[in-house]
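First, the structure itself, so that you have it in front of you.
Since every read-out is calculated from the coordinates, none of them should be taken as a lab result. Keep in mind that what you see is a predicted model, and the values were worked out from it rather than measured. Ideal geometry is used to build each Cβ from the backbone, glycine not excepted, and the neighbour counts take in all protein chains shown.
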Amino acid sequence: MHFTAEHDLFRRTVREFLAREISPHVDEWERDHSFPSHAVFAKLAEIGLLGLEYDPADGGQGADHWYTVIFGEELGRIPCGGVPMAIAVHTDMATPSLARFGSPELKQQYLAPALRGEMVCAVAVTEPNAGSDVAALETRAVRDGDDWVLNGSKLYITNGVQADWLCVLARTSNEGGYRGMSQIVVPASTPGFSVSRALLKLGNHSSDTAELSFVDARVPVSNTIGVIGRGFQQQMQQFQNERLIASYMAVGQCAYALERTLSYVRERRAFGKPLVEHQWIQYHLAELSAEIDLLRQYNYAAAEAYVAGADATRFATVAKLTAGRLVRKVADTCLQFHGGIGYMDETWTSRFFRDSRLLSIGGGVDEVMLSVLARLDGIVAD
Ligand SMILES: Cc1cc2nc3c(=O)[nH]c(=O)nc-3n(C[C@H](O)[C@H](O)[C@H](O)COP(=O)(O)OP(=O)(O)OC[C@H]3O[C@@H](n4cnc5c(N)ncnc54)[C@H](O)[C@@H]3O)c2cc1C
């Protein structure tokens, strides 16, 4: 219904490309706790994967949103969480605001090279004292003539070590709360900007995660994305893209994990027959298959609303919440059905189990999704 023959061809092309160019290197990159994002992004750019929906005038492909759905699902088939997350940060979490609200000059300077794979980008919202509560953030940009002077720090920033520029959310007035924030492009070459440390994590080892520092970091006011003082609202819109792509990727991850587990339980024998012939295992896998299908269809409904230009906030919230929970459940069950070998580092299930824990935290914790939903559904007053 949603996918034409061109979409199907795109899916096959992306699947083959990722299986050939990315997946074979994942074990090495996981061991290194990093991957060569510039080299990888340049390859993705060669076949137009970094700017699917963006305007051709900015170097994008001008494709419809269903291509993003497919791209997300296929990214989920890379056998780790780190690399797909780093790619999605670049394509759907750090760049949507710039594409939507940026001036033509700012887009030529930062968006176009990002879509060509020449620059890697990151989105810097979270701080030591402001995670779920974005309105509490303290990083400040004070105007001095035609410049902003930034001071503060950002925490847990994906791509933070390798990024060439960051979409930073900072306070640009003293209004407080969610008022008076702006989104500002900060090049990593800015004097006063530094990576304080690269952080080690439970999972997603191949993606770099950084703490960042800004000490009198000076950037032109013309680096402001969109309207000065509307940064919070613009970032909330950017979060919708983040939550949608995360949910599309989760469907790919879960479906792929189920396929791999099914081949294992068909081979592995216990009590005189293949594991899959035990009814308990059949029913569990069937149930997960049903739940993955529900999320996939829900994602498609979300994508339809997005394509129609409707407010997709509720869709993105429910999808992200459901995806975070489902991916954990699938990872746990797949590991369980592999038994001892499932717990070994050498088996994909242990990495999937570790990586799966992030989705209920990154991009807004489950509890924040529930509080948004409680407000949207009138369970609490707005
Ligand atoms: C690997 C990784 C990558 C990340 N990448 C980025 C990035 O690229 N850019 C970026 O800006 N941020 C990034 N983050 C940060 C992420 O978005 C935050 O960690 C997340 O929003 C939660 O904020 P916090 O860690 O400060 O938790 P807190 O806000 O301190 O919350 C802690 C816990 O309190 C509970 N809680 C919070 N709010 C409520 C509530 N309203 N009601 C009930 N309970 C609640 C939840 O259980 C929550 O887990 C990343 C995080 C990780 C772990």
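Net charge within 14 Å of P56 by Cβ-Cβ distance, Lys/Arg positive one each and Asp/Glu negative one each, not counting P56 itself? Mind dumping the intermediate values first?
Values: positive: K107, R116; negative: E53, D55, D58, D64.
Here the charged neighbours net out to -2.
Can you give me the distance in nm between label points at S222 and D144, each placed 7 Å from the Cα along the Cα-to-Cβ direction?
2.0 nm
Provide Rg and Dmax in Å for the stretch 1-111, with only Cα atoms included in the calculation.
When restricted to the Cα atoms of the stretch 1-111, Rg and Dmax are 14.4, 42 Å.
Need one word for the stretch 64-164: rounded, prolate or oblate. Basis is the Cα gyration tensor (sqrt eigenvalues a ≥ b ≥ c); a/c below 1.5 gives rounded, then a/b vs b/c decides.
Working: a/c = 2.14, a/b = 1.38, b/c = 1.55.
It comes out oblate by the Cα gyration axes.
Quick check: the distance between the Cα centres of the stretch 36-71 and the stretch 4-22, to the nearest angstrom?
The two parts, judged by their Cα centres, are 13 Å apart.
How much length is gained on full extension from N174 to D382, taking 0.36 nm per residue of separation minus their Cα-Cα distance? Walk me through the numbers before you get to the answer.
Values: separation 208, 0.36 × 208 = 74.88 nm, distance 2.40 nm.
Stretched fully, the N174-D382 segment lengthens by 72.5 nm.
Right, here's the next one. In µm²/s, what is D for the stretch 259-332 at 37 °C and 0.692 mPa s, where D = kT/(6 pi eta Rh) by Stokes-Einstein and Rh is the Kirkwood radius from Cα pairs? Could you put the intermediate results ahead of the total?
Working: Rh = 14.2 Å.
Result for D is 231 µm²/s.
I would also like to ask the following. For V365 and S196, compute 0.36 nm times the residue count separating them, minus their Cα-Cα distance, and round to one decimal in nm. Intermediate results must be reported in sequence, preceding the final value.
Numbers: separation 169, 0.36 × 169 = 60.84 nm, distance 2.47 nm.
Full extension of this stretch gives 58.4 nm more.
Between I341 and E28, what FRET efficiency follows from the Cβ-Cβ distance if R0 is 22 Å, with the result rounded to 0.05? Write out the running numbers ahead of the final one.
On the way: r = 22 Å, r/R0 = 0.98.
So, using R0 = 22 Å, E works out to roughly 0.55.
Measure out, as a whole number of angstrom, how far apart the alpha-carbon centroids of the stretch 290-360 and the stretch 105-140 sit.
That distance is 25 Å.
When a/c is below 1.5 the answer is rounded, else prolate if a/b is larger than b/c, else oblate, so apply that to the chain with a ≥ b ≥ c taken from the square roots of the Cα gyration tensor eigenvalues.
Details: a/c = 1.73, a/b = 1.67, b/c = 1.04.
Prolate, since a/c reaches 1.5 and a/b exceeds b/c.
Using a Gaussian network for the chain with springs between C-alpha atoms less than 10 Å apart, which of these wobbles most: A305, A316, A42?
In this elastic network of the chain, the residue with the biggest mean-square fluctuation among A305, A316, A42 is A305.
Multiply the residue gap between R266 and E6 by 0.36 nm, knock off their C-alpha separation, and tell me the result in nm, one decimal place.
Values: separation 260, 0.36 × 260 = 93.60 nm, distance 3.42 nm.
Full-extension gain reported as 90.2 nm.
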